[in-house]
1. Would you confirm, using the coordinates I've provided, whether PRO80 is assigned to a loop (DSSP other than H, G, I, E, B), modelled with pLDDT of 85 or more and surrounded by 14 or more Cβ atoms within 10 Å (Cβ to Cβ)?
2. Are there any pairs with C-beta distances below 6 angstrom linking a residue in the range 66-77 that is without any contact (Cβ under 8 Å) to a residue 12 or more places away in the chain to a residue that is surrounded by 11 or more Cβ atoms within 10 Å (Cβ to Cβ) and in a helix (DSSP H, G or I), with the two at least 6 apart or on different chains, and if so which?
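The values are calculated or read from the model by the stated rules, or taken from the named source; none is laboratory data. As the structure is a computational prediction, the values presented were derived from the model and not from experiment. Note that each Cβ is placed from the backbone with ideal geometry, even for glycine, and that neighbours are counted across all protein chains shown.
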Amino acid sequence: MKSRITVELVLLCVCVMLSPFVSFPSFVKSCGSSPFSACVNNLRGIESGKEQWAMATQQRSGATVAIAEVNQYIKGNSTPVCPVGGTYTYAEVGRDPCCTIHGALSAPHLSPTEQHAQRKVTAGAALVCALGALLFVLVVEGGLWAIHKGRSEPTHAGDGMPRAR
């Protein structure tokens, strides 16, 4: 009976320790890419506005864009603002708009600052995962050692002696 309780406690500890491993990758991804995603969405809005303007005014591919007129087709009726401080170039009809920091809509890229932030978050994630794995091994090893020895209480790190109460 007591060994069953130990097994249940070990399984509970495993579930609690594995929960950060499930949620942390999503957190890492969202931290590093949200300004980038916002910029790409702004570029999509500019492109959509350009297409609508070109169709409404019957412009052909390669035509020069009237920014004030295109902005009427963009939410807010103005040029969007890059979250990292870049400036947008509308380009001609048929060519992708461009951000000075994130590049063109067809081939966007992270800024050096965003790449550095993403590496820092990834390094932090690796450290958290390593510490969680170490804690997992210690808890499971202690619980399984007690079960193997037929005891109901966990032992010190592998010496087979019950913990003092």
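1. The answer is yes for PRO80.
2. ASN77/ASN71
Residue by residue, here is whether (1) within 24 Å of SER37 (Cα to Cα); (2) among the hydrophobic types (A, V, I, L, M, F, W, C); (3) modelled with pLDDT under 90 holds:
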position	(1), (2), (3)
GLY62	no, no, no
TYR90	yes, no, no
ASP96	yes, no, no
CYS99	yes, yes, no
